[in-house]
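The values are calculated or read from the model by the stated rules, or taken from the named source; none is laboratory data. None of the values given here were measured: they were computed from a predicted structure. Here Cβ is always computed from backbone atoms with ideal geometry, including for glycine, and neighbour counts include all displayed protein chains.
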């Protein structure tokens with residue numbers, strides 16, 4: 001029963017994603033603009049002490065941006081489900097609230113990972129030469145980060161009843177998460193207070209893990225901010241935390 005509930009939720013959200021081509025196009029267009037327009041322009045002004053071209057340096061951050069926007073946007077479906085009554089039908093079903101949360105998070109994971117893979121496929125045009133093992137690792141990290149951020153979006157969505165109020169808080173949260181994640185510049189260059197905030201941002205660890213995979217065998221001058229094992233541990237730990245919190249919040253909506 002629990003597995004069937006998770007499967008139905010994931011299948012429903014995936015079908016919605018396939019039908020909404022404009023959503024796919026808009027989600028992919030944003031990182032492309034940042035990568036090739038902002039990245040190319042900033043590369044003439046910024047020269048980070050990383051040993052790699054700036055456009056390559058921000059590539060993991062652009063992958064993180066794709067995952068962040070897609071994962072958080074996926075959680076907005078909870079608001080629509082509330083408004084149209086589908087969420088009430090799910091909540092009265094004889095299934096665990098955690099199954100609902102996991103199903104919603106997995107649906108966001110599938111959609112976000114697909115979009116991240118599309119952006120990842122651009123690596124030859126940016127000058128990367130990746131082996132199959134590196135590609136697999138980046139996809140696995142993308143999936144783990146997608147699940148984490150989708151669960152985080154679900155936690156936020158439980159507090160809102162209308163699409164308008166949720167979209168406002170998303171704009172307030174998404175951009176700071178992106179800029180304070182090491183996506184555009186190393187977090188070690190930030191002031192102490194912003195550096196501290198970056199360290200409680202789960203996106204920071206996902207992007208840092210991608211930097212490990214993309215750069216550690218390419219150049220010895222690239223210096224990620226954390227150990228790879230710490231990145232993975234934080235992503236998994238925060239994922240579990242967000243699922244537990246979201247499940248408890250859903251239980252209050254009986």
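Observations on the structure shown:
- Unique match (being buried (at least 23 other Cβ atoms within 10 Å of the Cβ), in a helix (DSSP H, G or I) and at pLDDT below 85) among 72, 100, 90, 79: 100
- Scope segment 144-160; condition within 14 Å of residue 173 (Cβ to Cβ) and either outside any helix (DSSP H, G or I) or touching a strand residue (DSSP E or B) at 6+ places or on another chain (Cβ under 6 Å) (or both); matching residues: 159, 160
- Among (1) buried (at least 20 other Cβ atoms within 10 Å of the Cβ); (2) over 25 Å from residue 120 (Cβ atoms) - the single one residue 152 does not satisfy: (2)
- Residue match in segment 123-132 (condition: farther than 18 Å from residue 31 by Cα, part of a helix (DSSP H, G or I) and modelled with pLDDT of 90 or more): yes
- Residue selected from segment 19-29 under the condition part of a helix (DSSP H, G or I) and surrounded by 11 or more Cβ atoms within 10 Å (Cβ to Cβ), by the criterion modelled with the highest pLDDT: 28
- Counting only residues that are at pLDDT below 75 and exposed (fewer than 15 other Cβ atoms within 10 Å of the Cβ), segment 30-40 holds 1 of them.
- Put simply, of 112, 181 the only residue that is within 16 Å of the chain's Cα centre (by Cα), touching a residue at least 40 places away in the same chain (Cβ under 8 Å), in a loop (DSSP other than H, G, I, E, B) and closer than 20 Å to residue 34 by Cβ is 181.
- Condition met for residue 119 (modelled with pLDDT under 90 and closer than 21 Å to residue 29 by Cβ): no
- Here residue 233 clears all of (1) modelled with pLDDT of 95 or more; (2) over 19 Å from residue 108 (Cβ atoms); (3) under 14 Å from the mean Cα position of the chain (by Cα) except the condition numbered (3).
- Number of residues in segment 41-69 that are under 26 Å from residue 171 (Cβ atoms) and at pLDDT below 80 equals 3.
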